[in-house]
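Asker: First the structure, which I've put down as structure tokens, then a few questions once you've had a look.
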Number of protein chains: 2
Amino acid sequence: MFSSPAPPSGLLEKVFQHIDLHQDEFVQTLKEWVAVESDSVQPVPRLRQEILKMMDMAADKLQRLGASVDFVDMGTQQFPDDQSLPIPPIILAELGNDPKKPTVCFYGHLDVQPANKEDGWLSDPYTLTEVDGKLYGRGATDNKGPVLAWINAVSTFRALEQDLPVNVKFIIEGMEEAGSVALEEVVRREKHRFFSSVDYIVISDNLWISRKKPALTYGTRGNSYFTVEVKCRDQDFHSGTFGGILNEPMADLVALLGSLVDSSGHILIPGIYDKVAPVTEEEKKMYAAIDLDLREYQNSTQVKKFLFDTKEEILMHLWRYPSLSIHGIEGAFDEPGAKTVIPGRVIGKFSIRLVPHMNASVVEKQVKQHLEDIFSKRNSSNQMAVSMVLGIHPWIANIKDNQYLAAKRAIRNVFGTEPDMIRDGSTIPIAKIFQDIIQKSVMMLPLGAVDDGEHSQNEKINRWNYIEGSKLFAAFFLEMAKLH
Amino acid sequence: MFSSPAPPSGLLEKVFQHIDLHQDEFVQTLKEWVAVESDSVQPVPRLRQEILKMMDMAADKLQRLGASVDFVDMGTQQFPDDQSLPIPPIILAELGNDPKKPTVCFYGHLDVQPANKEDGWLSDPYTLTEVDGKLYGRGATDNKGPVLAWINAVSTFRALEQDLPVNVKFIIEGMEEAGSVALEEVVRREKHRFFSSVDYIVISDNLWISRKKPALTYGTRGNSYFTVEVKCRDQDFHSGTFGGILNEPMADLVALLGSLVDSSGHILIPGIYDKVAPVTEEEKKMYAAIDLDLREYQNSTQVKKFLFDTKEEILMHLWRYPSLSIHGIEGAFDEPGAKTVIPGRVIGKFSIRLVPHMNASVVEKQVKQHLEDIFSKRNSSNQMAVSMVLGIHPWIANIKDNQYLAAKRAIRNVFGTEPDMIRDGSTIPIAKIFQDIIQKSVMMLPLGAVDDGEHSQNEKINRWNYIEGSKLFAAFFLEMAKLH
């Protein structure tokens, strides 16, 4: 698919050879890690013990590499039924503290989504099974494989008795799939200690947009989530005894919700596009270069027709333009059947995905003003209340940052291609937490292919992605050192 | 409040005197009947036995008056948990079969809604308790009091050794509050037997619109209930990963629902008002005469402002104009919280209350055409499907029918006033069943006052309503005989 990479020279060549030679050992370790049912979603004592075991295995592995490892105890998690379960400790580990080297911190998680053979797995989800170069198993791509690839990169330098080109730190948690309980607290608490020397943060917890072509993720959309309540009275009415004489809250609400976006997806709130960054020529080129098979994308999503016909338009509308979605209505009749109710009080819910350089507080004002205008034109006797219940700013990295340049060079060295420069249409909480608290450059450097099936049955990571990914991280260390 | 009625002469005077003299006995019988916890709503063996006991007491009472009584066994009712309970038999009774007299059939029910002292009753719900002329007890007004008033009228003629002016039939059930299980089947089965000689059907199972002024009910609105489904695909989407490139089903649906009715309550479906009967001068007078205290109505309903300011407009829009209510949406996000979902398939629900001379099938065509027009203008790639899941025609009686004329005269004789001529904005299943199957004149002749609180705590019937109601039925028999 790609041109062959230029032959590596010197140390890099040795590193690649070592990784190729030891790839079966690396797969074997992944097999041992996948065998641990570290499911954090189901709050069951047995599974929580499995996560603790998993964290111990990882700590042990890091210590053998010479890392100093700190277990941050996060206490227990209380459930409404009075049950309490231990929160797995968060691992903070470091290798090297040479002030002349850059310090790169890797984030990963070792807990997994639930998986049962009966759900449609073709092999036991906790027995890593290789078929045609694909390594099937729960957690293989999300996120045990990438965590191990980073460790493999470090261990290769150790095995070759080479100095690590960068100082490496690890923050590894065991509750990501359960909402990263306690992670933010640790990051906040360690801001001026563990994180004080960190220059760059690398996350490898998402996927490429392609099956074959590597990617670098440099932005996520933000989100502003709104509720709009229309109230006549607290109780509902019977449509036989009141239908015809009321300003019905549902009629007001559908008019309000219907005023937000037109059938081409264009948001109708005045001023909403004012701060959206204009598309640059450089950006256009990045979008054009992205490897996306539209037909395959359409088939896999089971959508008959999208609003746009080209790859560039579709990706830009997912990543760099705002979008408005109406999620639903609380308080109306939502069950099967035919109930003749006039809901007395209803709450519409919608959200706007934010992009650079939109600002959540400005959007809040625009939305409120717009809805008030529409509502006042209706001359309804009901009461309306609009509220922004969530306002998350978009995240965008500077792709001229050293770590992006280093990652691009490393990708060229390993894969012989430029990466797809991608964003994510949704907010990724982990990236947000690091960005907001540590305020250092965050980069998402995925290893998994688009068809890895994270969270679903038959999750896998390709052997190729896992092994080349280990090389990629090693090459990244070397490039970072060069750029420093 | 009203002018005194003209002094009754001859037989009517004797009837009134008898009823006045024996009113404590009548109240005592009502007390015995209210004491039976004939709750049909809770499917509990003990309560079902209470209903059976209640039906036995009524049959015994009717037999003592000389009626021939038939118990129609309706078998058992099966519940999902494999429980089965007996369905109380339906009483079919008759007194007299003189072909020269008109035959009036009275419908009533002896089951009640659940009631517990703890729910906020000021007295034991199953102990009829008189306070300031109000007889408090579950079933006092709904419907034991009115059934007994009819029996009191019959028994008065018997006690005075007077021939009954009309042939009287009774159909009395014990499952009305549980949806009249089996009633329709009995009516259908007995159409050519028990009901073959019936000329008029009287129901006394609703309330006046006033506290003091009697009423006659001559119509109910029908209803056409619609679902409109908009589908992109069966599964939902995440608004982060799909927001911006889809025709979102919710955006289509709120546009469709928003096209149905304007903020003044006017229905926007072309042609929908074409068949609505024009208001006549006679009708205007009837509406003007109705006793409704707007301020009190507003307070009791807790509605800040109605769409109309006058009594006439409000009542006409509840009774004789169609109305459109949007009930809710199935398939969207309907819970508390902030879920960022794009529902893949949503079903909007709304209904139009039908009035003479609208036709449900015509309305169905109009609604479908309208929604198709709106949807096609959106040029959406989603699929839309509209369905009328319920189509009930409006019911209107001819108020020039003999029984309406007789009832008006009887009301003048007893209360010294013209009745409020009222309708009901909702469909009343009992009236519909008789109307559709027997196809004889149906009249609703309520005895209870607007504040009787049927179905709620502290249900009551005023002693005055109960006793004057017994007189009213007796006077009605006499007037029917005169008009025949």
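Asker: Do you know which residues across segment B:176-234 are of a type in the set (Asp, Glu) and either over 22 Å from B:ALA93 (Cα atoms) or at pLDDT 95 or above (or both)?
Answerer: Applying the first criterion (of a type in the set (Asp, Glu)) to segment B:176-234 yields B:176-177, B:184-185, B:190, B:199, B:205, B:229, B:234.
Result: B:GLU190, B:ASP199, B:GLU229, B:ASP234.
Asker: Identify the residue in segment B:331-355 that is within 7 Å of chain A (Cβ to nearest Cβ), without any contact (Cβ under 8 Å) to a residue 40 or more places away in the chain and not hydrophobic (A, V, I, L, M, F, W, C) and, among all such residues, is surrounded by the most Cβ atoms within 10 Å (Cβ to Cβ). Break it down stepwise before answering.
Answerer: First, the residues of segment B:331-355 that are within 7 Å of chain A (Cβ to nearest Cβ): B:332-336, B:338-343, B:349, B:351, B:353.
Still in the list and also without any contact (Cβ under 8 Å) to a residue 40 or more places away in the chain: B:333-336, B:338-339.
So of that shortlist, the ones also not hydrophobic (A, V, I, L, M, F, W, C) come out as B:334-336, B:339.
Details: B:ASP334: 21, B:GLU335: 10, B:PRO336: 11, B:LYS339: 18.
Ranking the qualifying residues of segment B:331-355, first place goes to B:ASP334.
Asker: Condition first: in contact (Cβ under 8 Å) with a residue 40 or more places away in the chain and assigned to a strand (DSSP E or B). Now tell me which residues in segment B:56-82 satisfy that.
Answerer: Scanning segment B:56-82 gives B:ASP70, B:VAL72, B:GLN77.
Asker: What tally of residues in segment A:202-250 results from selecting those that are assigned to a loop (DSSP other than H, G, I, E, B), within 9 Å of chain B (Cβ to nearest Cβ) and touching a residue at least 12 places away in the same chain (Cβ under 8 Å)? Write out each step before concluding.
Answerer: Filtering segment A:202-250 for residues assigned to a loop (DSSP other than H, G, I, E, B) gives A:204-206, A:208-214, A:221, A:232-236, A:243-248.
If we keep only those that are within 9 Å of chain B (Cβ to nearest Cβ) too, we end up with A:221, A:232-235, A:243-248.
Checking which are touching a residue at least 12 places away in the same chain (Cβ under 8 Å) leaves us with A:221, A:232-235, A:243, A:246-248.
The qualifying residues number 9.
Asker: Could you tell me which numbered condition A:ALA182 fails, if it satisfies all but one of (1) under 22 Å from A:ALA360 (Cβ atoms); (2) more than 13 Å from chain B (Cβ to nearest Cβ); (3) among the aliphatic types (A, V, I, L, M)?
Answerer: Going through the list (1) under 22 Å from A:ALA360 (Cβ atoms); (2) more than 13 Å from chain B (Cβ to nearest Cβ); (3) among the aliphatic types (A, V, I, L, M), A:ALA182 breaks only (1).
Asker: Which condition number does B:ASP293 fail, the rest of (1) farther than 16 Å from B:ASP420 by Cα; (2) surrounded by fewer than 22 Cβ atoms within 10 Å (Cβ to Cβ) being met?
Answerer: (1)
Asker: Can you tell me which of B:LYS432, B:LYS460, B:LYS440 is among the charged types (D, E, K, R) and at pLDDT 95 or above? If you could, list the steps in order and put the result at the bottom.
Answerer: Values: B:LYS432 fails: at pLDDT 95 or above; B:LYS440 fails: at pLDDT 95 or above.
Of the residues listed, the single one that is among the charged types (D, E, K, R) and at pLDDT 95 or above is B:LYS460.
Asker: So if I check each of A:MET384, A:MET358, A:MET316, which one is modelled with pLDDT of 95 or more, under 27 Å from the mean Cα position of the chain (by Cα), buried (at least 17 other Cβ atoms within 10 Å of the Cβ) and away from every other protein chain (no Cβ under 11 Å)?
Answerer: Residue meeting the stated conditions: A:MET358.
Asker: Restricting to segment B:361-381, what's the tally of residues that are of a type in the set (Gly, Ala, Ser), more than 10 Å from chain A (Cβ to nearest Cβ) and crowded, with 19+ Cβ neighbours inside 10 Å? Even if it seems obvious, please write down each step before you answer.
Answerer: Within segment B:361-381, the first condition is being of a type in the set (Gly, Ala, Ser), and the residues that meet it are B:361, B:376, B:380-381.
If we keep only those that are more than 10 Å from chain A (Cβ to nearest Cβ) as well, we get B:361, B:376.
Subset that is crowded, with 19+ Cβ neighbours inside 10 Å: none.
Total satisfying the criteria: 0.
Asker: While we're here: Among the residues of segment A:127-135, is there at least one that is part of a helix (DSSP H, G or I) and crowded, with 23+ Cβ neighbours inside 10 Å? Before the answer, list the steps.
Answerer: Of all residues in segment A:127-135, those part of a helix (DSSP H, G or I) come to none.
No - not one qualifying residue is present in segment A:127-135.
Asker: Ok, one more. Among all residue pairs at least 6 apart or on different chains, which show Cβ distances below 9 Å where the first residue, located in segment B:25-54, is without any contact (Cβ under 8 Å) to a residue 40 or more places away in the chain and the second is surrounded by fewer than 19 Cβ atoms within 10 Å (Cβ to Cβ) and assigned to a helix (DSSP H, G or I)?
Answerer: Qualifying pairs under 9 Å: B:GLU32/B:MET57.
Asker: What is the number of the single condition among (1) touching a helix residue (DSSP H, G or I) at 6+ places or on another chain (Cβ under 6 Å); (2) modelled with pLDDT of 95 or more; (3) within 9 Å of chain A (Cβ to nearest Cβ) that B:LYS311 does not meet?
Answerer: (3)
Asker: Residue by residue through segment A:199-214, note down the ones that are over 20 Å from A:ARG463 (Cβ atoms) and aromatic (Phe, Trp, Tyr).
Answerer: A:TYR200 - this is the single residue of segment A:199-214 that is over 20 Å from A:ARG463 (Cβ atoms) and aromatic (Phe, Trp, Tyr).
Asker: Hey, among B:ALA255, B:ALA288, which residue is of a type in the set (Gly, Ala, Ser), over 30 Å from B:ASP73 (Cβ atoms), outside any strand (DSSP E or B) and within 14 Å of chain A (Cβ to nearest Cβ)? Give the steps one after another, and end with the answer.
Answerer: Values: B:ALA288 fails: within 14 Å of chain A (Cβ to nearest Cβ).
Every option except B:ALA255 fails the conditions.
Asker: While we're looking at this one, here's another question. Mind listing just one residue for me: the one in segment A:83-124 that is outside any strand (DSSP E or B) and hydrophobic (A, V, I, L, M, F, W, C) and, of those, nearest to the chain's Cα centre (by Cα)? Steps first, please.
Answerer: Taking segment A:83-124 and keeping what is outside any strand (DSSP E or B), we get A:83, A:87-89, A:96-102, A:110-111, A:113-124.
The next check asks that each one be hydrophobic (A, V, I, L, M, F, W, C); those that pass are A:87, A:110, A:115, A:121-122.
Details: A:ILE87: 22, A:LEU110: 15, A:ALA115: 20, A:TRP121: 24, A:LEU122: 27 Å.
The qualifying residue nearest to the chain's Cα centre (by Cα) is A:LEU110.
The values are calculated or read from the model by the stated rules, or taken from the named source; none is laboratory data. Source: prediction; values computed, not measured. Positions of Cβ are backbone-derived with ideal geometry, glycine not excepted, and every protein chain shown enters the neighbour counts.
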